[in-house]
Amino acid sequence: MLLKITGLAAAGIMLAACQSDSYKINGVCDLVSNGDTIFITNDFASGKPFAHGIVKDGKFSVEGIIDSPTLCIAYSKSGANTTLFVEPGTVEVTISDNPSKSKVGGTPMNEKWQTIMDSTLVIGAEINRAGQLLYNSSHNISPEEKSAAASRIQNLQNQFSKFIKRYAEKNINNSFGMFMLIYYQDAFTPEDLLSLISRLPDELKKNEDIQNIYAEVKKKTEVGVGGLLPDFTMNDIDGNPVKLRDVISRHKLTLIDFWASWCGPCRAEMPHVVALYNEHKDRGFNVIGISLDEDKGKWTSAVKSLGMKWLQLSDLNGWHNQIAVAMGVNSIPHTVIVDKDGKILASGLRGERLRDFIISSLE
């Protein structure tokens, strides 16, 4: 059984080892009937439970022994579910079909987790409102309103990333800080991840997920700022092979934009890129789009509808795109700025930071 939990990793995350101890989960769930079962799992792929409790009068209780604080899902076969940390102590949990009413607490990790979830819900709701305005075809809005909505989404995403970074820094000496790096790694720049991982206690650095993140980030920084962009040949939107460095050599500055038609944040960011391109294309600035699409029809349709007048390349292999893999791209939108020699000048810039960098570099 595959559990659909928005924003969760594909597998349970086991946190730093601590002394074995008992846990108890006191739960409230009025979405299921008496006699139904609430399952507890840390296997997000299969949903295989390691504990369960029977519901009586809308309540359930689960007890056991846990070696390490573990991010888990409490769920029923009816679909009711929530996330929580199973850790020593008494965990209090409320499962609701309204995300704002699902709560966890009672233990240190769960109190911190609820703080994160509260902020996620608030910022997520604001992003959804701006997205509805931007993408709902029934809303006939002006280009200025579209640009304002896209800026609003970008600002909210930046706000959330800053919140996550602050919370990780605050907890970098404990298991929750490590969890933040694992769970929200896409919210950090490669430089931030390397810095924060270096500040983890030695025992937490040995965590397998942390070691994997560290290896991936090191690989990414090898082709990072100051390095040389590897050369590639990839087909353009008409199926013609294009040598990437040949195109780059003809422009003072090139923005390589990793995106996909199915990526909402990419589409929200695109009006900024279009405006930047139109304003500075005659000053030696160019854009090359690298699409992580798999469906050519959706790719070409998005290019047209979003007004992307620059070169587009893709091998239609999705996340296995040759250039994206070589550059260590694991989230989009993602940008890389290079000079005419292929030297990488900046990475990961968006919105106003991207505009400021382009303008200052063209002066």
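Which one of these is among the hydroxyl-bearing types (Ser, Thr, Tyr) and closer than 24 Å to Ser361 by Cβ: Tyr214, Tyr277?
Working: Tyr214 fails: closer than 24 Å to Ser361 by Cβ.
After ruling out the rest, the residue left standing is Tyr277.
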Every residue in segment 287-323 that is within 23 Å of Arg355 (Cα to Cα) and touching a Leu at 6+ places or on another chain (Cβ under 6 Å), please. Val287, Ile288, Ile290
Out of all the residues in segment 229-242, is one or more under 26 Å from the mean Cα position of the chain (by Cα) and touching a residue at least 24 places away in the same chain (Cβ under 8 Å)? yes
Scan segment 79-133 residue by residue and report those that are of a type in the set (D, E, K, R) and touching a Gly at 6+ places or on another chain (Cβ under 9 Å). Glu92, Asp97, Glu111
Within segment 161-194, work out how many residues are under 15 Å from Pro69 (Cβ atoms), open to solvent by less than 20 Å² (accessible area, probe 1.4 Å) and outside any helix (DSSP H, G or I). 1
For the list (1) under 21 Å from the mean Cα position of the chain (by Cα); (2) aliphatic (A, V, I, L, M); (3) open to solvent by 10 Å² or more (accessible area, probe 1.4 Å); (4) closer than 23 Å to Leu349 by Cβ, I need the number of the one condition that Leu292 fails. (3)
With the checklist (1) touching a residue at least 40 places away in the same chain (Cβ under 8 Å); (2) touching a helix residue (DSSP H, G or I) at 6+ places or on another chain (Cβ under 9 Å) in hand, flag the one item Leu316 doesn't pass. (1)
Kindly evaluate Asn140 against the criterion of being open to solvent by 90 Å² or more (accessible area, probe 1.4 Å), assigned to a loop (DSSP other than H, G, I, E, B) and without any contact (Cβ under 8 Å) to a residue 40 or more places away in the chain. yes
Have a look at Gly131, Gly124 and point out the one that is touching a residue at least 60 places away in the same chain (Cβ under 8 Å), assigned to a helix (DSSP H, G or I), open to solvent by less than 50 Å² (accessible area, probe 1.4 Å) and within 22 Å of Trp262 (Cα to Cα). Gly131
I'm checking my understanding of the structure. Among residues of segment 44-70 that are among the acidic types (Asp, Glu) and out of contact with any strand residue (DSSP E or B) (no Cβ under 6 Å at 6 or more places or on another chain), which one is most open to solvent (accessible area, probe 1.4 Å)? Asp57
Restricted to segment 329-355, and to residues that are hydroxyl-bearing (Ser, Thr, Tyr) and at pLDDT below 90, which residue is farthest from Val225 (Cα to Cα)? Ser331
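Find the helices (runs of 4 or more DSSP H) located wholly in segment 244-363 whose residues include 3 or more that are under 30 Å from Arg129 (Cβ atoms), and list them.
Values: elements: 244-248, 264-280, 296-305, 322-326, 351-362.
Of the helices (runs of 4 or more DSSP H) lying wholly inside segment 244-363, those with at least 3 residues that are under 30 Å from Arg129 (Cβ atoms) span 264-280, 296-305, 351-362.
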Selection count where residues are loosely packed, with under 14 Cβ neighbours inside 10 Å and either on the phi < 0 side of the Ramachandran plot or at pLDDT 90 or above (or both), scope segment 205-229: 7
Of the candidates Gly307, Gly328, the one satisfying the condition of being under 18 Å from Thr189 (Cα atoms) and either open to solvent by 50 Å² or more (accessible area, probe 1.4 Å) or touching a residue at least 24 places away in the same chain (Cβ under 8 Å) (or both) is Gly328
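The values are calculated or read from the model by the stated rules, or taken from the named source; none is laboratory data. It should be emphasised that the depicted structure is a prediction, and the values quoted were computed from it without experimental measurement. Positions of Cβ are backbone-derived with ideal geometry, glycine not excepted, and every protein chain shown enters the neighbour counts. Ligands, DNA and RNA are excluded from the accessible area calculation, which covers all protein heavy atoms including side chains. Shrake-Rupley method; radii C 1.70, N 1.55, O 1.52, S 1.80 Å.
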